[in-house]
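Student: First the structure, which I've put down as structure tokens, then a few questions once you've had a look.
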Amino acid sequence: MILGKPMSADMNLRPIKYQWAYDLYNQAVANTWFPHEIALGEDLEDFKKMGADEKHAVSFLMSFFNPAELIVNRSLALGVYPYLKAPEAHLYLAKQMWEEANHCQAFEYVLETFPLDREKVFNVHLETPSIKAKEDFIAYYLGRMTENLDISSLSGKQDLVRNLVAFNIVMEGIWFYSGFMVALSFRQKQQLKNFASMVDWVVRDESLHLKFGLNLILTILEENPEVATPEFAAEIKKIVIDGVNLENTYNQDLFPRGILGINAGYVNQYVRYVADRRLEELGFEPHFKDANPAQWMATETDTLELVNFFEAQNTKYEVDNRAHK
Ligand code: MN
Ligand code: FE
């Protein structure tokens with residue numbers, strides 16, 4: 001069982017019971033990168049030439065992502081790590097938590113490089129209802145994990161799965177992808193290429209976070225068949241759909257008008273497309289049935305690459321061979 005209070009015997013790495021967790025740990029270590037490997041300053045001229053709406057989009061993305069990285073770490077530290085027994089899962093979570101810290105520092109580097117008002121950026125999530133609603137959503141499911149949760153009970157296990165679906169599937173697996181798509185859309189217009197390279201590395205990390213979270217959810221459901229009642233399944237699907245609605249509202253604030261040929265409608269269609277992929281990965285039928293409006297994103301974040309992860313070893317990304325395109 002992957003869930004439960006660890007006993008002394010659980011403190012031995014071998015024999016490894018969950019090979020997928022250990023493989024993901026090793027892949028994550030091979031993917032290690034540092035923000036200052038990117039020459040972000042080379043994008044400064046592009047940034048200065050951008051219009052107010054484009055600058056707002058970059059700034060608003062930082063306003064959401066900066067606290068979001070720290071929120072993911074809280075969700076892992078308080079809502080996941082304490083309830084898992086497998087050392088190989090703990091190894092992976094330790095690396096993921098470093099990666100979230102590293103992403104936070106990467107966005108610091110963006111704030112240091114571009115002429116953005118850091119104090120203003122840091123205050124946006126406190127003052128903007130559409131961002132606050134996203135944070136409250138995550139805090140609600142994490143809150144249930146920190147109130148005397150009994151992980152051996154059915155309701156405790158269900159709370160853990162709810163929390164995983166909220167922060168891993170919805171926040172990391174849908175909201176982050178929505179933001180990445182907007183960030184990478186600048187490169188489609190030959191702008192902010194170095195910033196886009198940094199986002200590529202963040203996406204690569206996040207695709208493993210998502211892979212770990214999905215494997216964990218599916219393992220829990222497999223080992224605890226009493227968890228996935230029809231009512232619970234409907235509830236899980238609703239958490240995903242609620243997440244899509246929150247992102248739709250947020251995207252209205254991200255794009256008061258359109259930028260670079262994309263607007264809230266375009267991004268929201270991508271959000272629905274990605275949400276359907278997440279539903280499928282969880283074993284549901286697609287709900288929205290929208291086509292991917294951003295075909296160019298397929299190469300960045302293709303779901304097939306996730307599914308085939310173990311077959312297609314991702315050698316182009318290894319630490320020792322990471323000359324960036
Ligand atoms: Mn992250
Ligand atoms: Fe993450």
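The values are calculated or read from the model by the stated rules, or taken from the named source; none is laboratory data. Only a predicted model underlies this, so the values are computations on that prediction, with no experimental measurement involved. Cβ sites come from the backbone with ideal geometry, for glycine too, and all protein chains shown count toward neighbours. Accessible surface areas use protein heavy atoms only, side chains included; no ligands, DNA or RNA. Shrake-Rupley method; radii C 1.70, N 1.55, O 1.52, S 1.80 Å.
Student: Which of the residues that make up the range 159-207 are without any contact (Cβ under 8 Å) to a residue 12 or more places away in the chain and either under 15 Å from the mean Cα position of the chain (by Cα) or at negative phi (or both)? Quick ask: steps written out before the conclusion?
Tutor: Of all residues in the range 159-207, those without any contact (Cβ under 8 Å) to a residue 12 or more places away in the chain come to 187, 190.
Arg187 - this is the single residue of the range 159-207 that is without any contact (Cβ under 8 Å) to a residue 12 or more places away in the chain and either under 15 Å from the mean Cα position of the chain (by Cα) or at negative phi (or both).
Student: Also, quick follow-up: Scan the range 183-197 for residues that are within 13 Å of Ala294 (Cβ to Cβ) and either in contact with a strand residue (DSSP E or B) (Cβ under 6 Å, 6 or more places away or on another chain) or within 16 Å of ligand 1 (Cβ to nearest atom) (or both) and jot them down.
Tutor: Correct list: Ala183, Leu184, Ser185.
Student: OK, next. Please verify whether Glu285 is farther than 19 Å from Leu184 by Cα, modelled with pLDDT of 85 or more, surrounded by fewer than 15 Cβ atoms within 10 Å (Cβ to Cβ) and in contact with a Pro (Cβ under 8 Å, 6 or more places away or on another chain), treating the condition exactly as stated. Step through it out loud before you land on a result.
Tutor: Numbers: farther than 19 Å from Leu184 by Cα: yes; modelled with pLDDT of 85 or more: yes; surrounded by fewer than 15 Cβ atoms within 10 Å (Cβ to Cβ): yes; in contact with a Pro (Cβ under 8 Å, 6 or more places away or on another chain): no.
For Glu285, the condition - farther than 19 Å from Leu184 by Cα, modelled with pLDDT of 85 or more, surrounded by fewer than 15 Cβ atoms within 10 Å (Cβ to Cβ) and in contact with a Pro (Cβ under 8 Å, 6 or more places away or on another chain) - is not met.
Student: Is there a residue in the range 79-95 that is within 16 Å of ligand 2 (Cβ to nearest atom), farther than 22 Å from Arg144 by Cα and of a type outside the set (A, V, I, L, M)?
Tutor: Yes, the range 79-95 contains a residue that is within 16 Å of ligand 2 (Cβ to nearest atom), farther than 22 Å from Arg144 by Cα and of a type outside the set (A, V, I, L, M).
Student: In addition: May I ask you to list the residues in the range 220-245 that are under 12 Å from Leu282 (Cβ atoms) and either in contact with an Asp or Glu (Cβ under 7 Å, 6 or more places away or on another chain) or basic (Lys, Arg) (or both)?
Tutor: Lys237
Per-residue answers, yes or no, for (1) open to solvent by less than 20 Å² (accessible area, probe 1.4 Å); (2) within 14 Å of ligand 2 (Cβ to nearest atom):
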position: Thr32; (1), (2): no, no
position: Pro35; (1), (2): yes, no
position: Leu40; (1), (2): yes, no
position: Leu44; (1), (2): no, no
position: Lys49; (1), (2): no, no
position: His56; (1), (2): no, no
position: Ser63; (1), (2): yes, no
position: Asn66; (1), (2): yes, yes
position: Ile71; (1), (2): no, yes
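Student: Out of the helices (runs of 4 or more DSSP H) lying entirely within the range 165-259, which hold 2 or more residues that are open to solvent by 10 Å² or more (accessible area, probe 1.4 Å) and more than 29 Å from Ala106 (Cα to Cα)?
Tutor: 193-223, 230-254
Student: Select from the range 84-101 the residues that are within 16 Å of the chain's Cα centre (by Cα) and open to solvent by less than 10 Å² (accessible area, probe 1.4 Å) and list them in ascending order.
Tutor: The answer is Tyr92, Leu93, Gln96, Glu99, Glu100.
Student: For the range 80-103, name all the residues that are over 21 Å from Ala166 (Cα atoms) and within 16 Å of ligand 1 (Cβ to nearest atom). Before you say what the answer is, go through the steps one by one.
Tutor: Residues of the range 80-103 that are over 21 Å from Ala166 (Cα atoms), as a first pass: 85-88, 91, 102.
Result: Asn102, single match.
Student: Another question, if that's okay. Tell me whether the range 128-136 contains one or more residues that are exposed (fewer than 12 other Cβ atoms within 10 Å of the Cβ) and in a loop (DSSP other than H, G, I, E, B).
Tutor: no
Student: Residue check: is Leu111 away from ligand 2 (no atom under 16 Å from the Cβ) and either assigned to a helix (DSSP H, G or I) or open to solvent by 60 Å² or more (accessible area, probe 1.4 Å) (or both)?
Tutor: Yes; evaluated as a whole, the condition is true for this residue.
Student: Look through the range 260-282, keep the residues that are among the small types (Gly, Ala, Ser) and in a helix (DSSP H, G or I), and return whichever of them is surrounded by the fewest Cβ atoms within 10 Å (Cβ to Cβ).
Tutor: Here is the first cut: in the range 260-282, the ones among the small types (Gly, Ala, Ser) are 261, 264-265, 275.
Still in the running and in a helix (DSSP H, G or I): 264-265, 275.
Details: Ala264: 20, Gly265: 13, Ala275: 25.
Per the criteria, the residue is Gly265.
Student: Taking the range 1-11, which residues are modelled with pLDDT of 95 or more and more than 18 Å from Ile220 (Cβ to Cβ)?
Tutor: None - no residue of the range 1-11 is modelled with pLDDT of 95 or more and more than 18 Å from Ile220 (Cβ to Cβ), so the list stays empty.
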